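Okay, structure first, notes after.
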Amino acid sequence: MFKFFVATFVIFSVFIYSSAMPQKAAGKASAGATAVAVSSGSSNLDASATIITNNFTDDGAGNFAYNYETSNQIKADAKGSPKEIPDADGKPQQGEVQQGSFSFVAPDGQTYSVQWIADEKGFQPQGAHLPTTPPTPAASA
């Protein structure tokens, strides 16, 4: 299941990147019948999936937002904005803070959802199906 999740995440990332780039100049894309790239082993439903919602906004100052949904129940959204982040020497550097989510229905019929934040602390995904760090054991007396 982990390999499926990783493969799906990579495909979503490529899709998000490739779909956002041409729309940046347009400001907002409309719904269309664009085919969605899918991983191997996917169903015919995935192979014939279309994009039913696809929006992207960019204010030209580094703030953006997007969302999309496909006919096979893949959904994603994100927003981001510039942020000054101090480097190791404390000097301010221009960075980007982003947050979003995505969800999809796996071949087993289970819906998987991930909420994430990407900032100066790195990429921080959360989801009920993702492994977490075990709690620190109490100190012995």
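Key figures for this structure:
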item	result
Long-range HN-HN contacts of T53 with modeled amide H, under 5 Å	E69
For region 77-92, 3J(HN,Hα) per residue [Karplus equation, 6.51 cos²θ - 1.76 cosθ + 1.60, θ = phi - 60°, Hz, x = Gly/Pro]	8, 7, 9, x, 8, x, 8, 6, 10, x, 7, 4, 8, x, 7, x
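Bear in mind that the values in this text are calculations on the coordinates, not laboratory data. For clarity, every value in this text was computed on a predicted model and none was experimentally measured.
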